[in-house]
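See below for the structure under consideration.
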Amino acid sequence: LALPEELRRYLRRLLPPERQAARALRPMLGRLAGVPMPAEWLYETAARLDLQLAAVEAVLADRGTVVRLVAEPGPAGADAVRTATLGLALRGLRTDALIANRVLPESDPDSWLAGPVAQQRKTLDEWRQSYDVHPVAHLGRDPRGADDLAALAVPPAPTGSGTVIWPVTDHLADDDGVLVWHLPLPGARRDELDLVRRGDEIVVTAGPFRRTVPLPSALRRCTVAGAALRDGELRIRFRPDPALWPRTR
């Protein structure tokens with residue numbers, strides 16, 4: 001999910017589009033610099049790749065795109081779901097449902113299945129507090145063919161908006177005098193978070209994931225005044241830079 005955005009960023013750094021405009025000057029620039037300039041086919045290849053990556057990125061950013069998680073209830077599945085949810089939130093993608101796969105049937109308390117069933121039940125109860133959970137029964141075998149897939153009774157594809165909004169709230173009139181950028185990051189932990197301001201971008205690290213995010217236009221004329229993680233939401237405070245912020249009469 002991160003690949004299209006990151007590859008486009010690397011392409012723009014390696015072969016900035018504005019350099020292509022100096023096509024007629026390239027031989028002279030090569031002689032002045034003493035190194036060969038990139039060949040024309042490199043720019044053409046980069047432009048074609050950028051177009052293809054932009055198409056994939058448009059699908060991910062589409063308001064109708066949502067992500068559905070599938071995991072087997074248990075300690076390993078719970079860890080994987082928490083990590084995946086955090087990574088999806090950092091990409092601004094919404095999870096519409098969680099399919100609890102291979103759910104075992106209730107069994108006799110003296111059966112060897114009693115332990116795994118209790119473990120699954122505990123995980124399902126925890127998941128239901130945060131997700132729209134759809135249990136899928138264990139068939140007792142690997143599903144093969146359309147009949148087995150129909151027996152799983154997986155809910156149909158969702159409809160509706162999938163994008164997550166990262167709003168900026170205005171507190172300039174308050175005592176703090178700041179703008180606050182709200183980034184929903186469910187499952188994030190303070191000791192796994194890191195922020196770095198780099199020009200008009202901010203690099204957010206959450207657990208094993210990292211994303212470079214362009215700042216909204218209003219925040220580009222501000223300095224970072226602090227950040228806090230509250231109720232699964234990262235709130236970054238920005239203070240207007242007097243040298244860049246328009247003055248009021």
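The values are calculated or read from the model by the stated rules, or taken from the named source; none is laboratory data. Because the structure is predicted, anything quoted here is derived from the model rather than measured. Methodologically, a virtual Cβ is constructed for each residue, glycine included, from the backbone with ideal geometry; neighbour enumeration extends over all protein chains shown. Surface accessibility is based on the protein's heavy atoms, side chains included, excluding ligands, DNA and RNA. Shrake-Rupley method; radii C 1.70, N 1.55, O 1.52, S 1.80 Å.
On full extension of the chain, what length is gained from ARG144 through THR212, given 0.36 nm per residue of separation minus the C-alpha to C-alpha distance?
Taking 0.36 nm per residue and subtracting the Cα distance, the gain is 20.3 nm.
So between GLU44 and ASP110, what do we pick up on full extension, going 0.36 nm a residue minus the alpha carbon distance?
Gain in length upon complete extension: 16.9 nm.
Could you run the Karplus curve 6.51 cos²θ - 1.76 cosθ + 1.60 with θ = phi - 60° over the range 182-199 and give me ³J(HN,Hα) per residue in whole Hz, x for Gly and Pro?
9, 10, x, 9, x, x, 6, 10, 4, 6, 10, 9, 8, 10, 9, 7, 9, x
Hull surface divided by four, with the convex hull built on the Cα atoms of the chain: how many nm²?
Its average projected convex-hull area is 22.0 nm².
Given a cut-off of 14 Å, what percent of all Cα-Cα pairs of the range 44-123 lie beyond it?
Beyond 14 Å sits 72 percent of the P(r) for the range 44-123.
Computed on alpha carbon atoms, what radius of gyration and Dmax characterise the range 172-249, expressed in Å?
In order Rg, Dmax, the Cα atoms of the range 172-249 give 13.4, 47 Å.
Restricting to the chain, compute how many DSSP beta bridges are antiparallel as a %, nearest 5.
Once the DSSP bridges in the chain are tallied, antiparallel ones form about 80 percent.
Once both labels are modelled 7 Å past Cα along the beta-carbon direction, what's the TYR10-ARG230 spacing in nm?
In this crude label model, TYR10 to ARG230 measures out at 3.9 nm.
Taking H as built 1.01 Å from N, whose amide H comes closer than 5 Å to the amide H of VAL178, not counting residues under 5 places away?
It is HIS171, LEU172, by chain and number.
Could you please state how large a percent of the accessible area of the range 137-249 is carbon and sulfur, counting protein chains only and using a 1.4 Å probe?
Roughly 51 percent of what the probe reaches on the range 137-249 is carbon or sulfur.
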